[in-house]
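Notes for the one structure printed next.
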Amino acid sequence: MAAALSDRLAAVSDDVQRVIEREIPALRDDRRVVGMLEASVAENITTVVHALRYGLDVSAIEPPTSAIEYARRLAQRDVDAAALVRAYRIGQARFIRLFMEELHDQTGTDEIDGATTMRAVEQISEYIDQVVGRLLPVYEQERTGWLQNRSAVLASRVRAVLEGGPVDIDRVQRTLGYELRRHHVGLVLWIDGHLTDLDPLRVLGELAEASARAVGSADRPLFVLCDDTTAWAWLALASDGALALSELVSVAAKAPAPASMAVGAAGRGVDGFRRTHRQALSAHAVAVTAGVGRMRLTPFSEVAPIALMCADVDSLRAWVAETLGPLALTSERNDGLRDTARVFLQSGGSYTATADQLFLHRNTVQYRIRQAEELRGRPFADGRLDVELALLACHWLGPAVLQPA
């Protein structure tokens, strides 16, 4: 059977390749990559036919050079390894079908020789397992190295823009693959904890992609790795620069638990690119100060008043205690009173608006505000701005600025 197939290797290879391209569209997007697929398929089929014909031990056969190079190219293009494995499985199934058709043609009967079929299937399957097992480590090593090198170049270009000097916008845009003249919002993404069976860098990348979709961006985000657990990202917004913050809250909530996100305000052009990033860094500082009990998403627009205060947490904690008195003590009851008071002051002192926002009865809000003021020792009108800032700090920083009960 192998001798017969060896007489038409080119036709067999073309047949297998067409099936792979039809079943996996991602493998036919670039003609140069398709050319490498063609070489890989042809060399793999030549090798397996040769092994079948001469009874070679397939466990000792190394993957063809073209197969190794093809795996590396897929890794460089960030094509999922699952596509590579699936291509081999599809090719295996198609080749076995062609082998059995040849066997049927030679025997001229519907009764296929069981021993021949079994031996062929075993050897072909063993060869595929052998090749895939050798190629996956090559793929992973290449992908890791390629991402690191690409990220290093991107990080260098982005840092040059952030430094504040003159920028050749057209040249930088071509390098980054990102439009700088439009509205965008900056993100800081990080993982603070252990991710079981998950790649932290992949989680951060997927979080950036999900965030871009959530804000309605038609473009991929600009994504830059800082280290093994931290990344910067920029999302391209619509022409009006509107940011759907509630959508990002939902995205952050769905991400794996140790992943968090800080968000700057929307900005336009190179100056906006720099400013939104600085704001995201400030929001990140607030989140890190808050520690374990922090929010999953920290928007600069809501923590701007306390961002600068995080530079001296000890002084901030003392100031919060002086401003709120016993209301700054840690307890479940005080948590509810502080939250009600914060919303009350932010709504301009409206009991009705506070009740609507917190889903409480208006009388309950009045009762809680009265209790909070009694606990503080004086009305909120006495130093109202300080009280509002202190409550905001308690909301976002939690135990970092509260007093132990």
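What follows is calculated from the coordinates using simple rules that are stated; it is not laboratory data. For clarity, every value in this text was computed on a predicted model and none was experimentally measured. All Cβ positions, even for glycine, are placed from backbone atoms using ideal geometry, and neighbour counts span all protein chains on display.
So for the stretch 289-405, Kirkwood radius off the Cα pairs, Stokes-Einstein at 25 °C and 0.890 mPa s: how many µm² s⁻¹? Working shown, then result.
Values: Rh = 14.3 Å.
After rounding, the answer is 172 µm²/s.
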- Cα gyration tensor category, rounded, prolate or oblate, for the stretch 54-93 with a/c compared to 1.5: oblate
- Item | Backbone HN-Hα couplings from phi across the stretch 257-271 [Karplus 6.51/-1.76/1.60, Hz, Gly and Pro as x] | 3, x, 8, 9, 8, 10, 10, x, 8, 5, x, 10, x, 5, 4
- Query: Residue-wise, which Karplus ³J(HN,Hα) couplings in Hz belong to the stretch 42-50, taking 6.51 cos²θ - 1.76 cosθ + 1.60, θ = phi - 60°, and x for glycine or proline?
  - Reply: 4, 6, 5, 5, 4, 5, 6, 5, 4
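Taking the Cβ-Cβ separation of Asp312 and Ala81 as r and a Förster radius of 56 Å, what is the calculated FRET efficiency to the nearest 0.05? Numbers along the way, then the final one.
On the way: r = 48 Å, r/R0 = 0.86.
FRET efficiency, Asp312 to Ala81: 0.70.
Take peptides 57-64, 33-40 and line them up by average Cβ neighbours within 10 Å, highest first, as a rough protection proxy.
So the order, starting with the most tightly packed, is 33-40, 57-64.
Compare the peptides 219-229, 388-398, 347-357 by average per-residue count of other Cβ atoms within 10 angstrom and give them in order, highest first.
Numbers: 219-229: 17.6, 388-398: 22.8, 347-357: 15.5.
My ranking of the peptides, most packed first, is 388-398, 219-229, 347-357.
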- Message: Sequence gap at least 6, Cα distance under 8 Å: using those rules, report the relative contact order of the chain to the nearest whole percent.
- Response: 11 percent
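So for each of 202-212, 89-99 I average, over its residues, the number of other beta carbons within 10 Å; can you give me the resulting order with the highest mean first?
Values: 202-212: 20.1, 89-99: 18.4.
So the peptides 202-212, 89-99, ranked by packing, come out 202-212, 89-99.
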- Provide, as a two-decimal number, the C-alpha radius of gyration of the chain over 2.2 N^0.38 Å, N being how many residues it has. 1.42
- Message: List the residues, sorted by chain then number, that are 5 or more residues from Leu222 or on another chain and whose placed amide H is less than 5 Å from its amide H.
- Response: Trp234, Ala236
- Treat each spin label as a single point 7 Å out from the Cα along the C-beta direction, and report the Ser350 to Thr144 distance in nm. 5.6 nm
- Query: Relative to the first principal axis of the alpha-carbon coordinates of the chain, what is the inclination of helix 332-346, with its axis defined by its Cα atoms, in degrees from 0 to 90 and to the nearest 10?
  - Reply: 80 degrees
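Tell me, what is the FRET efficiency for Leu9 and Arg202 to the nearest 0.05, using R0 = 56 angstrom and their Cβ-Cβ distance as r?
Working: r = 39 Å, r/R0 = 0.69.
Plugging the Cβ-Cβ distance into 1/(1 + (r/R0)^6) gives 0.90.
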